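Trainee: The structure that follows is given in the form of structure tokens.
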Amino acid sequence: MTNNTAPHPMQASLTARPAWKALDAHSQAMRQVHLRQLFAEDPRRGERLAVEAAGFYLDYSKNRITDETIRLLLQLAQECGLRERIDAMFSGQKINVTEQRAVLHTALRAAKDERVMVDGVDVVPEVHAVLDRMAAFCRQVRSGHWTGHTGKRIRHVVNIGIGGSDLGPAMACQALRHYSQRNLDFRFVSNVDGTDFAEAVHDLAPEETLFIICSKTFTTLETLTNARTARAWCLAKLGDEKAVRRHFVAVSTNAAEVSKFGIDTANMFGFWDWVGGRYSMESAIGLSTMLAIGPEQFREMLSGFHAMDRHFRSTPFERNLPVLMGLLTVWYTNFFDANTVAVLPYEQYLARFPAYLQQLAMESNGKHVTLDGAPVDYQTSPIYWGEPGTNGQHSFYQLIHQGTRLVPCDFIGFVQPLNPLEHHHDQLIANLLAQTEALAFGKTEQEVRADGTPDRLAPHRVFEGNRPTNTLLGERLTPQSLGSLVALYEHSVFTQGVIWNIDSFDQWGVELGKALAQRTIPELESAQEPQLAHDSSTNTLIRRYRLLRRRD
Ligand code: G6Q
């Protein structure tokens, strides 16, 4: 361990902490309490249980909590050392203990005059140097000065990457499409399934296409396979190896591999091992985003991240949006046995936001051992999922309203529409509000009967209510507010991970499948019948695949 390694308390088990025990007892009582009652007892509850920061208003009053719940959750945060852990992250301590790395995505959005030290070096100047290089490149492409091999201007940008090198930029490009330069079009190829590449380039001309190969390690199977296919596709038309220089750029920490692939390292944009893949959309991994919206608006996005960072770092926990949201997730996960969180953006541009959050939350906190390697005896990350409203209302909301499971929901909406077609926006937001109201208060049997519902239908028409929701309201979806929104969830996920005492920044769970696939590829490809030494299920499936594949 280096001196810079963050100390992590040799904790008593989380479940032995006084605040945990108190929450456990308190939750027994709270299970009997209905939101109808809580609102009736406190007419100002809806104004009181709300906080505002970095352009977002969070109404958390429609949660199954009292002031005592919040007091105990805050006490739990304190007992778990949340304040110290926040400071450790922001100050560059190696809080990713299993990989011995600092976790400094917050340095990616630090202002030029800030200092963030990693191993004795201030990293902020490097961050801004890369941003400046990205900006210069983006200006050239956007203005048409950067041309393809045949002198034609670039019209299509294809980002090749996977996981953290795909989900963030893909989400952001879609989220900020309103602000993007429309004569450039953006596509994302991630899957090793050939269909992904084939469909992405189906109608493209290589001479007008720029590929961004995004890979922190530049060794990822899917990305390199797609990148090689892209190069072959490009050269099949352009003929000349020199074309690679004009049609391929790389985003990576691995200059040696980039150069081996044939990309000039002058066309490589770097980042650092202290940026985790799923926390990298505002690093050079966001090159496609910057190409879409331009350097100035990209900087606005960074300022939105930064505003939420500052809020998280300095605001007392009782008014701290990410802390409150993180603690509420702990509350339902560990004390109400909730298995999932539904994230429901009432903003079409945020259609990919739930998918992005799935990686952020579940790869970060889907862990079964503590920082010290001891098995946890409590649940960790819930399953995040969701779809934009109002579409979800006509499909899975039924289960949230009347099913047997508790599904806490985050509703996200913006006051100002980006496409103000008459009536649409007020209808959209009316639906958001109506859903949170219906989920909280439901409809009693008495109310159902008062409507004249016949006896036999009455039970079907009852809504129990007491379904918890957060409502996040922003003024308008902009590069800045998107940055704040992402940072809000990043820090909420961090808060959860601190309470659960896990390493939110590693992802060992993806390794086993990768290794087994490497072993299986030659078994599928070899001309000779391979000696198979898997279990009988896997062996039989491989034999069947080989047999049927050869018939084709
Ligand atoms: C994210 C993960 C993972 C990673 C991909 C791609 O936190 O580390 O999703 O981003 O496996 O890795 P490369 O960028 O190295 O290709």
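Just so it is clear, none of the values below were taken in a lab; they were calculated from the coordinates. Only a predicted model underlies this, so the values are computations on that prediction, with no experimental measurement involved. Methodologically, a virtual Cβ is constructed for each residue, glycine included, from the backbone with ideal geometry; neighbour enumeration extends over all protein chains shown.
Trainee: Convert each backbone phi in the range 480-496 into a coupling constant with the Karplus relation 6.51 cos²θ - 1.76 cosθ + 1.60 (shift: θ = phi - 60°), then list the ³J(HN,Hα) values in order as whole Hz, x for Gly and Pro.
Mentor: 5, 5, 4, x, 5, 5, 5, 4, 4, 6, 4, 7, 5, 4, 4, 4, 4
Trainee: Using a Förster distance of 51 Å, how high is the FRET efficiency between Thr444 and Val369, based on the Cβ-Cβ distance and rounded to 0.05?
Mentor: 0.65
Trainee: Further question: Among all stretches of the chain without exposed trypsin sites (Lys or Arg not before Pro) (DSSP loop, at most 15 other Cβ atoms within 10 Å), which one is longest?
Mentor: Looking at the chain, 243-404 is the longest stretch - no exposed trypsin sites (Lys or Arg not before Pro) with at most 15 other Cβ atoms within 10 Å.
Trainee: Based on the Kirkwood radius over alpha-carbon pairs, what value in µm²/s does the Stokes-Einstein equation return for the translational diffusion coefficient of the range 437-552 at 25 °C and 0.890 mPa s?
Mentor: The estimated diffusion coefficient comes to 116 µm²/s.
Trainee: Between Thr225 and Arg153, what is 0.36 nm times their sequence separation minus the Cα-Cα distance? Round to one decimal in nm.
Mentor: Contour length minus the Cα-Cα distance gives 23.3 nm.
Trainee: If each of Gln379 and Arg139 carries a label point 7 Å out from its Cα toward its Cβ, how far apart are those two points in nm?
Mentor: Distance between the two pseudo-spin positions: 5.2 nm.
Trainee: Hey, another quick one. Based on the Cβ-Cβ distance from Arg319 to Leu512, what FRET efficiency comes out when R0 is 60 Å, to the nearest 0.05?
Mentor: With R0 = 60 Å, the Cβ-Cβ based efficiency is 0.90.
Trainee: Rounded, prolate or oblate, given the Cα gyration tensor of the range 94-251, with a/c below 1.5 counting as rounded?
Mentor: Since a/c reaches 1.5 and a/b is larger than b/c, the shape of the range 94-251 is classed as prolate.
Trainee: About the Cα centre of the chain, what is the dipole size in debye to 20, counting +1 per Lys and Arg Cβ and -1 per Asp and Glu Cβ, all else neutral?
Mentor: Roughly 860 debye, rounded to the nearest 20.
Trainee: List, in order, the whole-Hz ³J(HN,Hα) value for each residue of the range 284-294 obtained from phi through the Karplus relation with A = 6.51, B = -1.76, C = 1.60 and θ = phi - 60°; use x for Gly and Pro.
Mentor: 4, 4, x, 4, 5, 4, 5, 4, 6, 9, x
Trainee: Would you please calculate the Kirkwood hydrodynamic radius of the chain over all C-alpha pairs and express it in Å, rounded to one decimal?
Mentor: It is 25.4 Å.
Trainee: Output the antiparallel fraction of DSSP beta bridges having both residues in the chain, as a percent to the nearest 5.
Mentor: Of the beta bridges lying entirely in the chain, close to 30 percent run antiparallel.
Trainee: Given the alpha-carbon gyration tensor of the range 1-143, what are the semi-axes of its equivalent ellipsoid in whole angstrom, ordered largest first, with each equal to the square root of 5 times an eigenvalue?
Mentor: The answer is 41, 25, 11 Å, longest axis first.
Trainee: Given that compact globular proteins tend to follow 2.2 N^0.38 Å, what is the ratio of the alpha-carbon Rg of the range 360-469 to that value?
Mentor: It is 1.44.
Trainee: Between Arg476 and Glu199, what is the spin-label point distance in nm, taking each point 7 Å from the Cα along the Cα→C-beta axis?
Mentor: Between Arg476 and Glu199, the simple spin-label model gives 3.4 nm.
Trainee: For the range 336-444, which GluC sites (Glu not before Pro) are in a loop by DSSP, counting at most 16 other Cβ atoms within 10 Å?
Mentor: Sparse-neighbourhood loop GluC sites (Glu not before Pro): Glu422.
Trainee: For the residue pair Asp273 and Ile521, what label-to-label distance in nm results when each label sits 7 Å from Cα along the Cα-to-beta-carbon direction?
Mentor: 2.4
Trainee: Next question. In the neighborhood of Cys173, defined by Cβ-to-Cβ distances under 12 Å, what is the net charge if each Lys or Arg adds +1 and each Asp or Glu adds -1?
Mentor: +1
Trainee: Go through Thr436, Gly452, His202 and say which Cα lies farthest out towards the positive end of the charge dipole of the chain; charges sit on Cβ, +1 for Lys and Arg, -1 for Asp and Glu.
Mentor: Final value for the positive-end residue is His202.
Trainee: For every other residue with a beta carbon closer than 9 angstrom to the beta carbon of Val462, add +1 if it is Lys or Arg and -1 if Asp or Glu, then tell me the sum.
Mentor: Summing Lys and Arg as +1 and Asp and Glu as -1 gives -1.
Trainee: For Lys443, which lysines qualify as cross-link partners when the Cα separation must be under 16 Å and same-chain residues fewer than eight apart are set aside?
Mentor: Output for Lys443: Lys62.
Trainee: Grab the beta carbon distance between Arg115 and Arg456, set R0 = 60 Å, and tell me the FRET efficiency rounded to 0.05.
Mentor: 0.25
Trainee: In terms of modelled amide H atoms, which long-range or inter-chain residues lie less than 5 Å from the amide H of Leu204?
Mentor: Result for Leu204 returns nothing.
Trainee: Fewest Cβ neighbours within 10 Å first, please rank Met171, Met117 accordingly.
Mentor: Fewest to most other Cβ atoms nearby, the residues stand as Met117, Met171.
Trainee: Still on this structure, I have one more. Quick check: the angle from helix 221-238's long axis to the longest principal axis of the chain, C-alpha only, nearest 10 degrees?
Mentor: Its long axis makes an angle of about 40 degrees.
Trainee: Fewest to most neighbouring Cβ within 10 Å: what's the order for Ser13, Ser190, Ser288?
Mentor: Going from sparsest to densest Cβ surroundings: Ser13, Ser190, Ser288.
Trainee: How long is the gain from Tyr57 to His423 if the chain were fully straight, where each residue apart is worth 0.36 nm and the alpha carbon distance is subtracted?
Mentor: 129.4 nm
Trainee: Cα axis of helix 424-441 to longest principal axis of the chain: angle in degrees, 0 to 90, nearest 10?
Mentor: 50
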